[in-house]
Amino acid sequence: MKILIVRVSSLGDVVHNMPMVADILRRFPDAHIDWVVEEAYADLVRLNRGVRDIIPFALRRWRKTLLTEQTRAEMRAFSSRLRSIAYDVIFDTQGLLKTGLVMRLARLAPGGRRVGLANGTEGSGYEGLSRIFHTMSVPVGLRTHGVLRGRLVTAAALGYEVDTPADFDLQPPPLQTLPSWLPEEPYAAFFHATARAAKQWAPDHWGRLGRMVAARGLPVLLPWGSPAEKHAAEDLASRMPNARVLPKLPMMEAVLLAQRARLAVGVDTGLTHIAAAYCRPTIELYCDSPRWKTEGNWSPNIVNLGDTGAPPGVDEVEAAVDRLLAATESALS
């Protein structure tokens, strides 16, 4: 059976759709699974052991240069690759017009199906017009978790029940050499940055938590992705001992940071969700986004705190750090 998954963005959502792959292969171990994803996240999807081929989608870049011959050539090559295999099932778990068009562009085997969402969840960017490309539309509850949503769509189409914890099946980043910034000793990663200010946790809270973690013997590593985030990281580093502002990291090094952390603490952002997907000891901080939508609920190593309009207090985060580090130390002893 040949299957195509169309989930092009964003970082956290791409990660949250990965358990679909393990679910399918558990029931159909010989299935050939391909994935269409924005080119920026192609290497991330390659970390999933069950995905055979990644088809990069460069719409964000193509939009800027639609009239150039190079862009048109890349778009033709993308279309040709989509049609090089006849798929038995094509899944669109994003539910947008653009992803529906990609679904329609891909070649379907005789008797094959195009399967997508019949509706969006609360607060999602779902576009109902995407249903015109479906041969099967799967309804989900309005408060269905972001991981469960894709798993339910595939289960309904392929005739099985979702009855196991989510399995992301991510291998470590295949870096030829370890980066110089990576400490030899265990460390904590603080994923403090997010695009929307309301989702951020207060700098004073980070400072207090950093001092507590440093007292436990862990250096704190602070990543960033923009000049404003770098400035914020430098401010946080000034509030805590033994903190290091990292250089700007390429995607695979950022994944490595999450994958190797003894402790990850982060707001509702992609790198926090990657740490949780690797089942690292992770504390997810929800300050202004609904916890039900993305909370890590597949491992006891993940603690979820706060909710929309109710940021967690420092005391409860410190208590969660104590629990996770105690469990880690017990497992290592």
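The values are calculated or read from the model by the stated rules, or taken from the named source; none is laboratory data. Bear in mind that the values here come from a model prediction, so they are computed numbers and not experimental data. Virtual Cβ from ideal backbone geometry, glycine too; neighbours counted across all protein chains shown. Just the protein is used for accessible areas: all its heavy atoms, side chains included, with ligands, DNA and RNA removed. Shrake-Rupley method; radii C 1.70, N 1.55, O 1.52, S 1.80 Å.
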A student applying the Cα gyration tensor rule (rounded when a/c is under 1.5; otherwise prolate if a/b is larger than b/c, oblate if not) would label region 54-138 oblate
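Order these peptides, 148-160, 252-264, by their mean beta-carbon neighbour count within 10 angstrom, highest first.
Working: 148-160: 19.9, 252-264: 22.1.
Ranking the peptides 148-160, 252-264 by packing returns 252-264, 148-160.
Cβ neighbours within 10 Å, averaged per peptide: list 106-118, 72-84 in order, most packed at the top. Mind dumping the intermediate values first?
Values: 106-118: 17.6, 72-84: 13.5.
Taking the mean over residues of other Cβ atoms within 10 Å, the ranking is 106-118, 72-84.
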Once the dipole of the chain is set up with Lys and Arg at +1 and Asp and Glu at -1 on Cβ about the Cα centre, which of HIS16, PRO241, PRO29 lies farthest towards its positive end?
-> PRO29
Report, to two decimal places, the Cα Rg of the chain normalised by 2.2 N^0.38 Å (N = number of residues).
-> 1.03
How would SER289, SER238 line up by accessible area, probe 1.4 Å, largest first?
-> SER238, SER289
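Which of the three applies to region 230-333, rounded, prolate or oblate, going by the alpha-carbon gyration tensor with a ≥ b ≥ c and a/c under 1.5 meaning rounded? All intermediate terms of the calculation are to be shown ahead of the outcome.
Values: a/c = 1.27, a/b = 1.11, b/c = 1.15.
Rounded, because the longest to shortest axis ratio a/c is under 1.5.
Would you mind putting 58-66, 164-172 in packing order, based on average other-beta-carbon counts within 10 Å, highest first? Intermediate values should be presented prior to the final figure.
Numbers: 58-66: 12.4, 164-172: 15.9.
Ranking the peptides 58-66, 164-172 by packing returns 164-172, 58-66.
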Extending each Cα 7 Å along its Cβ direction at GLU122 and LYS64, get the distance between those two points in nm, one decimal.
-> 3.8
Ignoring ligands, DNA and RNA, what accessible area per residue does the chain give at 1.4 Å, in Å²?
-> 43
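Given the Cα-Cα distance of ALA319 and ALA73 and 0.36 nm per residue of separation, how much length would full extension add, in nm? Intermediate results must be reported in sequence, preceding the final value.
Numbers: separation 246, 0.36 × 246 = 88.56 nm, distance 5.53 nm.
Separation in residues times 0.36 nm, less the Cα-Cα distance, equals 83.0 nm.
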Separation in nanometres of the label points that stand 7 Å from Cα toward Cβ, at ALA215 and ALA310 = 2.8
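Work through the residues other than GLU229 whose Cβ is under 12 Å from its Cβ and net out their charges, Lys, Arg +1 and Asp, Glu -1.
Numbers: positive: LYS230, LYS248; negative: GLU234, ASP235.
Around GLU229, the surrounding residues sum to 0.
Treat every Asp and Glu Cβ in the chain as -1 and every Lys and Arg Cβ as +1, leave all other atoms uncharged, and give the resulting dipole magnitude about the Cα centre to the nearest 20 debye. Intermediate values should be presented prior to the final figure.
Working: 39 positive and 35 negative charges, 243 e Å.
Charge dipole, the chain, about its Cα centre: 1160 debye, nearest 20.
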With a ≥ b ≥ c from the Cα gyration tensor eigenvalues, square-rooted, and the rule rounded for a/c under 1.5, otherwise prolate when a/b > b/c and oblate otherwise, region 9-101 is prolate
Could you look at the chain and say what percent of its accessible area is carbon and sulfur, using a 1.4 Å probe and all protein chains?
-> 52
Simple label model, 7 Å out from Cα along Cβ direction - ALA202 to ARG107, nm | 6.0
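Give the calculated FRET efficiency between GLU184 and LEU129 to the nearest 0.05, with a Förster radius of 51 Å applied to their Cβ-Cβ distance. Walk me through the intermediate numbers first.
On the way: r = 53 Å, r/R0 = 1.04.
Calculated value: 0.45.
Within a Cβ distance under 14 Å of THR164, other residues only, what is the Lys/Arg minus Asp/Glu net charge?
Values: positive: ARG26, ARG27, ARG151; negative: ASP23, GLU161, ASP163, ASP167, ASP169.
Residues close to THR164 contribute a combined charge of -2.
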Under the helix-only model (-39500 (n - 2.57) for each DSSP H run of 4 or more, divided by the residues of the chain), the mean residue ellipticity at 222 nm, to 500 deg cm²/dmol, is -11000 deg cm²/dmol
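What do you reckon, how do CYS279, CYS287 stack up by accessible area (1.4 Å probe), largest on top?
Details: CYS279 50, CYS287 5 Å².
Result, largest first: CYS279, CYS287.
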Under 5 Å from the placed amide H of ILE55, counting only residues 5+ away or on other chains, we find TRP35, VAL36, VAL37
